[in-house]
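*Asks:* Sharing a structure here in structure tokens format.
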């Protein structure tokens with residue numbers, strides 16, 4: 001794994017908890033727009049920490065393009081994020097990234113995966129990226145659905161040369177990360193809320 005790819009994985013997972021749009025003891029629901037904004041902030045913060053610039057809605061309507069700071073900036077990564085799941089009809093973010101994969105060092109997809117559809121989502125990602133030498137980073141926010149999305153974990157996968165492998169996993173919600181200051185948000189009387197998060201229904 002290239003250093004830039006490894007750094008992006010580490011930093012994005014760290015920034016996922018920073019300035020989280022909801023809290024265990026207060027605002028326990030978030031809208032689709034809030035999560036979309038949160039992902040954009042995570043992408044920009046990660047790129048900034050790596051010394052790069054983020055261009056939103058750039059390069060033929062890509063959600064974000066990360067570029068270096070040369071006089072003639074070079075594209076480092078194309079980034080797409082989507083509320084729907086990869087196996088769903090009309091999900092074209094994978095194809096958009098695949099078509100432009102040769103222009104960048106790596107591509108990034110941030111999306112969601114329902115427990116019952118998780119293997120279908122992984123297979124769709126692997127199938128689209130089957131013959132690519134260029135790597136695709138995939139951040140999957142896993143959830144169960146009961147009238148709303150209950151987030152459980154954030155998985156990081158990398159697809160390359162027909163192989164999709166998981167390289168990292170962490171709780172999706174900061175207060176589920178044991179031993180962290182965020183876990184202190186959950187008092188004994190509120191533990192029932194610590195394992196789920198209500199967001200806008202699908």
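*Asks:* Say whether the condition of being touching a residue at least 12 places away in the same chain (Cβ under 8 Å), assigned to a loop (DSSP other than H, G, I, E, B) and either under 18 Å from the mean Cα position of the chain (by Cα) or on the phi > 0 side of the Ramachandran plot (or both) is met by at least one residue in segment 5-12.
*Replies:* No, segment 5-12 contains no residue that is touching a residue at least 12 places away in the same chain (Cβ under 8 Å), assigned to a loop (DSSP other than H, G, I, E, B) and either under 18 Å from the mean Cα position of the chain (by Cα) or on the phi > 0 side of the Ramachandran plot (or both).
*Asks:* Follow-up. For segment 13-26, name all the residues that are touching a strand residue (DSSP E or B) at 6+ places or on another chain (Cβ under 7 Å) and either outside any loop (DSSP other than H, G, I, E, B) or in contact (Cβ under 8 Å) with a residue 60 or more places away in the chain (or both).
*Replies:* 13, 16, 22
*Asks:* Could you check, for segment 68-87, whether at least one of its residues is out of contact with any strand residue (DSSP E or B) (no Cβ under 9 Å at 6 or more places or on another chain), in a loop (DSSP other than H, G, I, E, B) and at positive phi?
*Replies:* Looking through segment 68-87, none of the residues is out of contact with any strand residue (DSSP E or B) (no Cβ under 9 Å at 6 or more places or on another chain), in a loop (DSSP other than H, G, I, E, B) and at positive phi.
*Asks:* Going residue by residue through segment 27-40, is there one that turns out to be out of contact with any helix residue (DSSP H, G or I) (no Cβ under 9 Å at 6 or more places or on another chain), buried (at least 19 other Cβ atoms within 10 Å of the Cβ) and without any contact (Cβ under 8 Å) to a residue 24 or more places away in the chain?
*Replies:* The answer is yes; a qualifying residue exists.
*Asks:* Picking from 134, 116, 155, which residue would you name as being loosely packed, with under 15 Cβ neighbours inside 10 Å and without any contact (Cβ under 8 Å) to a residue 60 or more places away in the chain?
*Replies:* Criteria check complete, one pass: 116.
*Asks:* Okay, next question. Please determine whether any residue of segment 80-96 is surrounded by fewer than 19 Cβ atoms within 10 Å (Cβ to Cβ) and more than 30 Å from residue 144 (Cα to Cα).
*Replies:* Looking through segment 80-96, none of the residues is surrounded by fewer than 19 Cβ atoms within 10 Å (Cβ to Cβ) and more than 30 Å from residue 144 (Cα to Cα).
*Asks:* A follow-up question, please. Taking segment 164-174, which residues are modelled with pLDDT of 95 or more and more than 14 Å from residue 12 (Cβ to Cβ)?
*Replies:* Once the filter is applied, which keeps residues that are modelled with pLDDT of 95 or more and more than 14 Å from residue 12 (Cβ to Cβ), segment 164-174 yields 164, 165, 166, 171.
*Asks:* Can you tell me which residue is farthest from residue 172 (Cα to Cα) among those in segment 92-114 that are part of a helix (DSSP H, G or I) and within 16 Å of the chain's Cα centre (by Cα)? I'd like the intermediate steps shown before the answer.
*Replies:* To start, the set of residues in segment 92-114 that are part of a helix (DSSP H, G or I) comprises 93-99, 101-103.
Those still in the list that are within 16 Å of the chain's Cα centre (by Cα) too: 93-94, 97.
Working: 93: 22, 94: 22, 97: 25 Å.
Among those that are part of a helix (DSSP H, G or I) and within 16 Å of the chain's Cα centre (by Cα), it is 97.
The values are calculated or read from the model by the stated rules, or taken from the named source; none is laboratory data. Because the structure is a prediction, the values reported are computed rather than measured. Cβ atoms come from the backbone with ideal geometry, glycine included; neighbour counts cover every protein chain shown.
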